[in-house]
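First comes the structure, then the notes that go with it.
The values are calculated or read from the model by the stated rules, or taken from the named source; none is laboratory data. Only a predicted model underlies this, so the values are computations on that prediction, with no experimental measurement involved. Neighbour counts run over all protein chains shown; Cβ positions are idealised from the backbone, glycine included. Quick note on the areas: whole protein, heavy atoms, side chains included, nothing else; ligands and nucleic acids left out. Shrake-Rupley method; radii C 1.70, N 1.55, O 1.52, S 1.80 Å.
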Amino acid sequence: MNSLEDHERKIIIEFCHLLEKSKQLFNSLRELPQYGHRQWHSYFVRTFDVYTKLWKFQQLHRDILDSKYGLKRWQIGEIASKIGQLYYHFYLRTSETAYLSEAFSFYSAIRGRRYYTQACKEDKCELMVKKLRYYARYIVVCLLLKKLSLLRDLIKELEKQIVEYGKTYDPEDQIEWTVVLDEVRAFIIAESVVSVIHPENYTIVLSHRLNVMCVPPPERLTQTSISLQEAVIVGSISQQVKFSELTMDMYRILQTLEWEPTGDMPQIYTESPRYRFTMPQINKGYNSRTPHVGGDVTPRRENPHKYLLFRPSAAQILVYLASGCYDLPSNGALLLYISAEALIVPPIKNLEDGGYDVGGLITNMKTEIYRDRDNEREKDRERDWERERERERDRDKDQSRDSKPGSSKFKEQQCIHPGDLYPFTRCPLFIIIDSDNSYVFQNIPRHFGQPLIVLMSPLDVPSIFPEHRKNGSLFTLFLHSPLSAFCFICNIEATSLIQWERAQSYIETFLIETSHIMLRHRLDPAFIAFMADDFLRLILLRYIFCEVLLRMHRGFRAISNLPRSSPPLPDDLLEHPTLVHIVMDLAVHLQVRSHFHDSSGPPPTKEFSNNR
């Protein structure tokens, strides 16, 4: 063997070594716990290092690998796809959208360079499955980055690939891939609540992440500076549109907890995936200074670290909450968001502690049986409860409360009860419950004296909104995009860009005025504490807009149609003339004045305020 052949052999051996090592490290990442900040960091760094070497090595020796090793384009595509997956999972671990943009760059390179073009011509279908999975991952990233035009093209391409997959291999899982396609189409339709039309007659793509222009500046409310650091986001509504493991409610709330990405999209395919963006320091998983491609360093606002839990068990939720509490810095706050269906139990009177006796939230599909048999079970339960009450009347009055039916029966293990959250009130805790049983969380005690706020959705909405839960909850929509929610309840399906921007200015004025008005009220200290954080301040102000608006809307007449907060906000704030006037001006601007009560008459919300 001459020197050239020996050199080629060494290159091939080194490439095979790097390829095998990269696969081992990538697969080992699946075994890492999804919670906690410190355990996973070193493993990701090692994996990035190996993929950096592999990516550079195959570029440097492409000719030899092509001619002597038989390197195929789909193998290069598979390496790029793994790097894209690494960046996407790094985004999930850190909540930094810069890494989401990096995943997009590598997925775009695969498509642009047609690495998977020959996938359907292989003897086995495994490569075609990898190609379909690549499309699914690419679609998720495009959804999160709001690249809807590209997304539609990807859906068309995926449909063609699924058809070709079926014709070529006649696989058993083709129907499953068709379901994936239907899910993403339904998701896109549901996501578009209102169309905003540009003067040149095309639809504007709206992004509802935070930016410095939409967040009212903080008031000098408190010396304590609480910062939202950890968020646990739970999506468990069984019939809600979803894609991958992301329901519409989860999709909306996670964007509400992120700053709008800034700077140009990195156009890189030859740079190292390890060094284009410096790995975050072990500081609660955040990287506040992110180098760009040219090496410049610009300050970045931090996003709170998020855990996304799709239909988790109750035990999983408690583990992630405990991990979030453990990782909080001294001035950190924890947010819990749950979108789930109700576990409703018959009411029990005279209970000292309703933490486990008032029902809760169904978070896991293991409890599907409760939904399927709701009507029959409720009838049986009512009969059982009546018999128990009869027996209870005959018992001695001094008998222990523990013998009462509500104290020992019907504690569903796979549900989250209010009492499950008591231990986590040791830290500043901000809870958002979007469910048809949300009110049962209004009496969580503050045993540890830490700030605690619970925002609860309406129990139901008027029947004129039949797709309320399926296409995404109205309450979460208010917290995500108040103007979109306003348009939804006023049946506005499309508006001009000029109208939208003017309407958005009314919303911004409302939020600023609300912030000022809150200064003049004696609010619970929890509101003052949480107003120091940009994300929580905006959520609180949007919540107030939601409650003020629904109190005024003619269609939301029942008490159960209104949201609640704990501690409750004072009625004179929610009925403040300035806020009512801004809402009416907005309604006049969008020509939906008839949907709201006449503000010149007696306040129609008194019937509600007496029952709060």
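Looking only at segment 50-71, decide whether some residue is touching a residue at least 12 places away in the same chain (Cβ under 8 Å), outside any helix (DSSP H, G or I) and either closer than 16 Å to PHE90 by Cα or not acidic (Asp, Glu) (or both). Show your work before the answer.
Of the residues in segment 50-71, the ones touching a residue at least 12 places away in the same chain (Cβ under 8 Å) are 50-59, 61, 64-65, 68-69, 71.
Checking which are outside any helix (DSSP H, G or I) leaves us with 61, 71.
Adding the requirement that they be either closer than 16 Å to PHE90 by Cα or not acidic (Asp, Glu) (or both) leaves 61, 71.
Looking through segment 50-71, at least one residue is touching a residue at least 12 places away in the same chain (Cβ under 8 Å), outside any helix (DSSP H, G or I) and either closer than 16 Å to PHE90 by Cα or not acidic (Asp, Glu) (or both).
Quickly run through segment 511-561 and pick out the residues that are hydrophobic (A, V, I, L, M, F, W, C) and without any contact (Cβ under 8 Å) to a residue 40 or more places away in the chain. I'd like the intermediate steps shown before the answer.
Initially, segment 511-561 is screened for residues hydrophobic (A, V, I, L, M, F, W, C), giving 511-512, 517-519, 523, 526-532, 535-536, 538-541, 544-546, 548-550, 552, 556, 558-559.
ILE544, VAL548 - these are the residues of segment 511-561 that are hydrophobic (A, V, I, L, M, F, W, C) and without any contact (Cβ under 8 Å) to a residue 40 or more places away in the chain.
Tell me, which helices (runs of 4 or more DSSP H) wholly within segment 407-523 include 1 or more residues that are under 20 Å from MET250 (Cα atoms) and open to solvent by less than 10 Å² (accessible area, probe 1.4 Å)?
In segment 407-523, 474-480, 482-489 are the helices (runs of 4 or more DSSP H) which contain 1 or more residues that are under 20 Å from MET250 (Cα atoms) and open to solvent by less than 10 Å² (accessible area, probe 1.4 Å).
Any residue at all in segment 119-127 that's open to solvent by less than 10 Å² (accessible area, probe 1.4 Å) and under 22 Å from the mean Cα position of the chain (by Cα)?
Scanning segment 119-127 turns up no residue that is open to solvent by less than 10 Å² (accessible area, probe 1.4 Å) and under 22 Å from the mean Cα position of the chain (by Cα).
Count, please, the residues in segment 21-37 that happen to be more than 17 Å from PHE48 (Cβ to Cβ) and in a helix (DSSP H, G or I).
Summing the residues that are more than 17 Å from PHE48 (Cβ to Cβ) and in a helix (DSSP H, G or I) in segment 21-37 gives 1.
Considering only segment 177-195, how many residues are over 23 Å from TYR165 (Cα atoms) and open to solvent by less than 40 Å² (accessible area, probe 1.4 Å)?
7
Determine which single condition TYR115 fails, assuming it passes every other condition in (1) open to solvent by 50 Å² or more (accessible area, probe 1.4 Å); (2) closer than 16 Å to TYR134 by Cα; (3) outside any helix (DSSP H, G or I).
(1) is the only condition that TYR115 fails.
Taking segment 128-156 as the search range and keeping residues that are over 25 Å from the mean Cα position of the chain (by Cα) and within 21 Å of ILE79 (Cβ to Cβ), which one is least open to solvent (accessible area, probe 1.4 Å)?
That would be MET128.
Of all residues in segment 1-58, how many are buried (at least 16 other Cβ atoms within 10 Å of the Cβ) and of a type in the set (Ser, Thr, Tyr)?
5
Which one of the conditions (1) within 16 Å of THR476 (Cβ to Cβ); (2) in a strand (DSSP E or B) does ILE237 fail to meet, given that it meets all the rest?
Going through (1) within 16 Å of THR476 (Cβ to Cβ); (2) in a strand (DSSP E or B) one by one, ILE237 breaks only (2).
In the list HIS198, HIS208, which residue meets the criterion of being open to solvent by less than 70 Å² (accessible area, probe 1.4 Å) and more than 30 Å from ARG520 (Cα to Cα)? Even if it seems obvious, please write down each step before you answer.
Values: HIS208 fails: more than 30 Å from ARG520 (Cα to Cα).
Among HIS198, HIS208, only HIS198 is open to solvent by less than 70 Å² (accessible area, probe 1.4 Å) and more than 30 Å from ARG520 (Cα to Cα).
Could you please let me know if ILE528 is modelled with pLDDT of 95 or more, more than 23 Å from SER594 (Cβ to Cβ) and aliphatic (A, V, I, L, M)?
no
State whether the residues of segment 358-372 include one that is part of a helix (DSSP H, G or I), more than 27 Å from GLY472 (Cβ to Cβ), modelled with pLDDT under 55 and not basic (Lys, Arg).
Among the residues of segment 358-372, not one is part of a helix (DSSP H, G or I), more than 27 Å from GLY472 (Cβ to Cβ), modelled with pLDDT under 55 and not basic (Lys, Arg), which makes the answer no.
Could you figure out which of (1) modelled with pLDDT under 90; (2) within 23 Å of the chain's Cα centre (by Cα) isn't true of LEU254?
(1)
Among the numbered conditions (1) surrounded by 15 or more Cβ atoms within 10 Å (Cβ to Cβ); (2) at pLDDT 95 or above, tell me where PRO568 comes up short.
(1)
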